[in-house]
Amino acid sequence: PAEAHHTVFNGSRKQTVNITSGGSGFGSVKFCHGDMEFRNYISWVRLLSNVTADSAGAILYGRSTNLSGFMARITGDFTAACDLTLAGGTFRVNGTLYHHNGQINVGNGMLAVSGDYILAGSDSSLVEGEENYTYSSGRIYMADPAGRLNVGGDAVLKANTSLGNSLLKKGRMTVQGDFAQLGNYSFHPAGDFVVVFNGPGGQTIQFENSSSSFGSLELTQPVDHYNFVNVPDVSGIIQEPANVPAAVVLPERLLTIEDEAFAGNHSVQRVVIPPDVTSIGSQAFKDCINLVEIVIPSSVTYIADDAFENCSDQLTLYLSGTYAAEYARDHGLDYYGK
């Protein structure tokens, strides 16, 4: 249908969108609740609301898709294979994002991927330890200093054209895992495009094309904590880390975050939980309306359902461990880590 045709999903139970024809898609679409599931193909011309959906291997394909400033939060692995324009909106994938085709126009919006971002062909082999990436026709276009591309896992880029300063002009790309430019086409963003490596441990940063380079680079660890492979000297382009609010680092040997421990605290913005903590109690962070980041270790095996009640919509969990990841997915929270 045309953009002027509106489709509204307003059911009282979970609704599934299952489009089996790659040429199909919606005109304008509105989702009235967050209990959705996308299967096979999905696309629309214009989004009229925020959308939260599980992905059963869904593929964005068919029509040039526009978020129109809204947020799309997808839980599960997802594939982008057509043009996507954020238009000031946020596209979050709590899983791995495979980018096979189409251009993602970030603008002043945010593309946030909790797992790996793999810009490679649809016929790539992804068997762990035997990966064989083919070329992708996908592109990323960033020309606004407010634009953000955040990757919680590895970033693998094998495009069939250079990801150069005509595509990556301004904005910030943040990677917590390893970074690899593969193939014959270079990665060389403009000087106003900042790449940030902020993983908690050593990160490997690899170029296969000798013409690849960074415009501006930001490292949150000392430079010798990184493994640079075929990367030109970066000493002249490293910037000081961006000024972010100091984190509340809880004391070592703490075993539990008690009920209502931080409830109603409007000043806390970032919290780091130490590695011996095993539980986070009821309403522990209730009404922490300015809390945007919390680091949760793998030792945590219990989090109360209402631990983050009425927190900021921008809250992101940085975590390790299966339990915390499952909790984040079950409660619709944005997270980085596996």
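The values are calculated or read from the model by the stated rules, or taken from the named source; none is laboratory data. Given the structure is predicted, the values throughout are model-derived calculations rather than measurements. For neighbour counting, all protein chains shown are included, and Cβ atoms are generated from backbone atoms with ideal geometry for every residue, glycine included.
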Checklist outcome for this item: Within the stretch 189-202, the residues that are surrounded by fewer than 20 Cβ atoms within 10 Å (Cβ to Cβ) and within 22 Å of ASN160 (Cα to Cα) are ALA190
Checklist entry - Which of the residues that make up the stretch 93-119 are without any contact (Cβ under 8 Å) to a residue 60 or more places away in the chain and in a loop (DSSP other than H, G, I, E, B)? => result GLY95, THR96, HIS100, ASN101, GLY102, GLY107, ASN108, GLY109
Checklist entry - Taking the stretch 39-78 as the search range and keeping residues that are farther than 20 Å from GLN314 by Cα and of a type in the set (Ser, Thr, Tyr), which one is surrounded by the most Cβ atoms within 10 Å (Cβ to Cβ)? => result THR65
Next on the checklist: Restricting to the stretch 8-37, give me the number of residues that are under 14 Å from THR65 (Cβ atoms), among the hydroxyl-bearing types (Ser, Thr, Tyr) and outside any loop (DSSP other than H, G, I, E, B).
Outcome noted: 1
Next on the checklist: Against the definition (under 30 Å from ALA324 (Cβ atoms) and surrounded by 20 or more Cβ atoms within 10 Å (Cβ to Cβ)), how does ALA81 come out, yes or no?
Outcome noted: no
Item to check | Residue among GLY183, GLY202 that alone is of a type in the set (Gly, Ala, Ser), at pLDDT below 95 and over 30 Å from CYS311 (Cβ atoms) | outcome: GLY202
Checklist entry - Restricting attention to the stretch 39-60, and to residues there that are touching a residue at least 40 places away in the same chain (Cβ under 8 Å) and assigned to a strand (DSSP E or B), which single residue is nearest to THR75 (Cα to Cα)? => result SER55
Checklist outcome for this item: SER216 meets each of (1) hydroxyl-bearing (Ser, Thr, Tyr); (2) under 24 Å from ASP154 (Cβ atoms); (3) more than 24 Å from the chain's Cα centre (by Cα) with one exception, condition (3)
